Amino acid sequence: MREWWIHVGLICIPLVAVYLHIPPPQLSPALQKWHSAGEVFHFRGRKIFYRDSYGALGTSDVVILLHGFPTSSYDWNKIWDPLTQRFHRVIALDFLGFGFSDKPRPHRYSIFEQASVVEALVAHLGLNNQRVNVVSHDYGDTVALELLYRSDQNRTGHLTFNSLCLSNGGIFPETHYPRLLQTLLKDSSFLAPVLTRLTNYAIFQKGIGEVFGPYTQPTSAEFWDMWTGLRYNDGNLVLDSILQYINQRLKHRERWVGTLTSTFVPLHMIYGPLDPVNPHPQFIHLYQQLVLKSTVTILDDHISHYPQLEDPNGFLNAYFNFIHSF
């Protein structure tokens, strides 16, 4: 009798999970302000959210910011104003499937498509002939490398790089350690639809908290804003599709690492060494061994995977020193 109820429970729990739909949380005033300051453009019939702020006078320099997984352009909010004081234009977008952009499903998300989204935004903003500085983080690092590959190969519609600054991205599959939930979502076609429905704020908070340093944890409001951005347009339901980028990194390693090691574009890496996803010293040793032309800033020992949020001043100092060096 008892075993019968166990079997019923095992069948019913995933069925409930699949059909479970909890309304997304309301935007906080801070997130609403970020959203209101942005615009959208259309890419292949999909709406892409972006921000484009004009800043410093007397310069034509442009910086484009590429965010990580599973968050959004709001990751750059702590360094946005200082960047506008240095650059003429500061631009950031939410990749397809992230933040305030559309999150189609089913959909085959790919790094290649996200790079095309960035190129389309640059064209939309009339910057095709403008040399641009790119700052990227995590997932955005791989998008940046695809953009760099297209630029170095002189592909149609490519960005013209002035510089590239990477930060804490899993650009080397051999030194990248995704979290358990990420591995389950990307590799389990059976469990993934259930897990995406079951993912809640407590699970999200725990997972994100693990990739921040113990002394640089987000506030409760910041955790909630990250969760709200993920849940906007049911973004939790496309996590498994987006996470295929981990497999894409492995498949296309030669293409993306190859362009990183051969480019003549000025390169810099800002690295939080407490990162459990790209751990120290394996990751940075391999980077310095392979990417000989790049400069590197290793931040304080307690800074982890989100350096632009955990140490915005350190991040900015490192970036401005890099920009002023060439």
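The values are calculated or read from the model by the stated rules, or taken from the named source; none is laboratory data. From a predicted model like this one, the values you see are computed outputs, not experimental measurements. Glycine also receives a Cβ, built like all others from the backbone with ideal geometry; neighbour counts cover every protein chain displayed. Heads up: the accessible areas ignore ligands, DNA and RNA and are worked out on the full protein's heavy atoms, side chains in. Shrake-Rupley method; radii C 1.70, N 1.55, O 1.52, S 1.80 Å.
What to note about this one:
- Amide H contacts of Ile303 (H built 1.01 Å from N, under 5 Å, at least 5 apart or other chain): Leu274
- Taking all protein chains together, Glu222, Glu113 sort by accessible area into Glu222, Glu113, largest first [probe 1.4 Å].
- Working from Cα pairs under 8 Å separated by at least six residues, relative contact order for segment 193-326 is 29 percent.
- Global geometry of segment 80-186, whether rounded, prolate or oblate, following the gyration tensor of its Cα atoms and the 1.5 cut on a/c: prolate
- At the residue level, Trp227 shows approximately 10 square angstrom of accessible surface with a 1.4 angstrom probe and all protein chains present.
- Calculated over segment 120-239: convex hull of Cα atoms, volume per residue (Å³): 161 Å³
- Along its first, second and third principal axes, ordered by size, the chain spans 76, 41, 40 Å in Cα coordinates.
- In this simple spin-label approximation, Asp187 and Phe41 carry label points 7 Å from Cα along the Cα→Cβ vector, and these lie 3.9 nm apart.
- Under 17 Å from a label point set 7 Å out along the Cα-to-Cβ vector of Ser60, the amide N atoms of segment 82-103 belong to 87-90.
- Nearest-10 value in Å² for the accessible area of His285, using the 1.4 Å probe: 110 Å²
- Relative contact order of segment 27-324, defined on C-alpha pairs under 8 angstrom at six or more residues apart (%): 20 percent
- The label point for Gln32 and the one for Ala221, both projected 7 Å from the Cα toward the Cβ, are 1.3 nm apart.
- Ordered from largest to smallest accessible area (heavy atoms of protein chains, 1.4 Å probe), the residues Trp224, Trp256 come out as Trp224, Trp256.
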